[in-house]
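What follows is a single structure, written as structure tokens, with notes after it.
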């Protein structure tokens, strides 16, 4: 009898909107590691130079170039290339535009975090999901997949510290990675929602994931205390040392915070060589005008479970990483992770999320502290990126930790930051359901 073989599964088709630095993560993985299961069929952007760069990279990886479309032609791209899913890696404030339109055109969505930047845009996404029940939205929270963060979830789920009553979470961005948010479009709060939305969405999602609960009330304080022109002037920086952007500035050559695009081939190709199309300057001074986001933030969150989170984010620290401690009715769990510094899109040698060291200690009541072994992973974020990418583009598998994040998870993570922004503006405790009630 002839052997019967299962038919090969058709490769899933993806279109990408937004071809800046973050898009590289996705299209490189598809072309290099998931060519058997996935393919890219179209690119869309406001900038043709960046799309040409992406196509050149795809050709180098053996994928082959794909059609490119201007941002205004997004609908035409979807109609002509017929992707199964759209990957959204544009600037944060336009995520909702493409998520909603892709869903209405009958496509599912993979979106970079944060899902969006405010409650109104979040409502629009939920409305689009409701009217398009065949589509889905996945948010790429790669930190969930990092082995150390998964191990924390596993220990807490098993009751290692009993019922969690409080969490202290300190995140530090150093003067390379942290400063980078103040050089580029993120520095304008209208684009990013500030770091409590753009960056802390990862951290607030982790707490939601670890505790399996939702935020209830939020109180926050935050300021711009280090970056920006006024802070530089207070510290005595002379007018002669001020500059708008590093390109062509003698003063920038004396500034350790300056980013020189011409010294980094990938940054040069993506931004310096592309700025004639859109006047986007990737190398702005972190001590220049126009910075409207905070760099020093503290947040107090009460969750529906009754647990309370104290959280801080500092964007000018001498080292990169985080410390998080869980206090419970049966003990305490402590995690410290040191990450190597990097600049998005190739400004440093270290890969994004590359780890220096990790330590996980369980301190049960009336027992000696126990050092918990953390599984080793391969690649960035301790191996988390590889697991996420396989979840997105590889053969489907069952995940006992349920790390895949939906639009609901995406909303719950940003709602803490959105409520924190409202609290900073009003000085009041904010009820999260008053910002946006999620069933």
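Summary table
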item: Residue pairs meeting the criteria (Cβ under 7 Å; at least 6 apart or on separate chains; first under 13 Å from residue 202 (Cα atoms), in the range 113-124; second assigned to a loop (DSSP other than H, G, I, E, B)); result: 113/140; 113/141; 114/193
item: Any hit, the range 298-309, residues being in contact (Cβ under 8 Å) with a residue 40 or more places away in the chain, in contact with a strand residue (DSSP E or B) (Cβ under 7 Å, 6 or more places away or on another chain) and within 30 Å of residue 237 (Cα to Cα); result: yes
item: Single match in 226, 287, 204 (criterion: assigned to a loop (DSSP other than H, G, I, E, B), surrounded by 18 or more Cβ atoms within 10 Å (Cβ to Cβ) and in contact with a helix residue (DSSP H, G or I) (Cβ under 7 Å, 6 or more places away or on another chain)); result: 287
item: Spans of strands (runs of 3 or more DSSP E) in the range 15-102 with at least 3 residues within 21 Å of residue 117 (Cα to Cα); result: 85-88
item: Members of the range 103-117 that are part of a loop (DSSP other than H, G, I, E, B) and either surrounded by 20 or more Cβ atoms within 10 Å (Cβ to Cβ) or touching a helix residue (DSSP H, G or I) at 6+ places or on another chain (Cβ under 6 Å) (or both); result: 105, 107, 112, 113, 114, 115, 116, 117
item: Unique residue being touching a helix residue (DSSP H, G or I) at 6+ places or on another chain (Cβ under 7 Å), modelled with pLDDT of 95 or more, part of a loop (DSSP other than H, G, I, E, B) and outside the structural domain of residue 427 (by TED's automatic domain parsing) when the list is 258, 269, 274; result: 258
item: Residues (part of a strand (DSSP E or B), in contact with a helix residue (DSSP H, G or I) (Cβ under 8 Å, 6 or more places away or on another chain) and modelled with pLDDT of 80 or more) located in the range 341-397; result: 358, 360, 362
item: Given (1) in the same structural domain as residue 374 (by TED's automatic domain parsing); (2) part of a loop (DSSP other than H, G, I, E, B); (3) more than 22 Å from residue 420 (Cβ to Cβ), number of the condition residue 182 does not satisfy; result: (3)
item: Test: residue 403 is at pLDDT 95 or above, within 17 Å of the chain's Cα centre (by Cα) and within 30 Å of residue 166 (Cβ to Cβ); result: yes
item: Residue match in the range 35-54 (condition: at pLDDT 95 or above, surrounded by 20 or more Cβ atoms within 10 Å (Cβ to Cβ) and out of contact with any helix residue (DSSP H, G or I) (no Cβ under 9 Å at 6 or more places or on another chain)); result: yes
item: Criterion (out of contact with any strand residue (DSSP E or B) (no Cβ under 6 Å at 6 or more places or on another chain) and modelled with pLDDT of 95 or more) met by exactly one of 150, 165; result: 150
item: Residue ID - farthest from the chain's Cα centre (by Cα), chosen from residues in the range 146-179 that are assigned to a loop (DSSP other than H, G, I, E, B) and within 30 Å of residue 285 (Cα to Cα); result: 175
item: Residue list for the range 391-439, restricted to those being more than 24 Å from residue 127 (Cα to Cα) and without any contact (Cβ under 8 Å) to a residue 12 or more places away in the chain; result: 396, 397, 398, 399, 400, 402, 425, 426, 427
item: Single unsatisfied condition, residue 134 versus (1) more than 29 Å from residue 211 (Cβ to Cβ); (2) within 21 Å of the chain's Cα centre (by Cα); (3) in a loop (DSSP other than H, G, I, E, B); result: (2)
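The values are calculated or read from the model by the stated rules, or taken from the named source; none is laboratory data. Everything numeric in this text was worked out from a predicted model, so none of it was measured. Quick reminder, even Gly has a Cβ in these numbers, built from the backbone with ideal geometry, and neighbours come from all protein chains shown.
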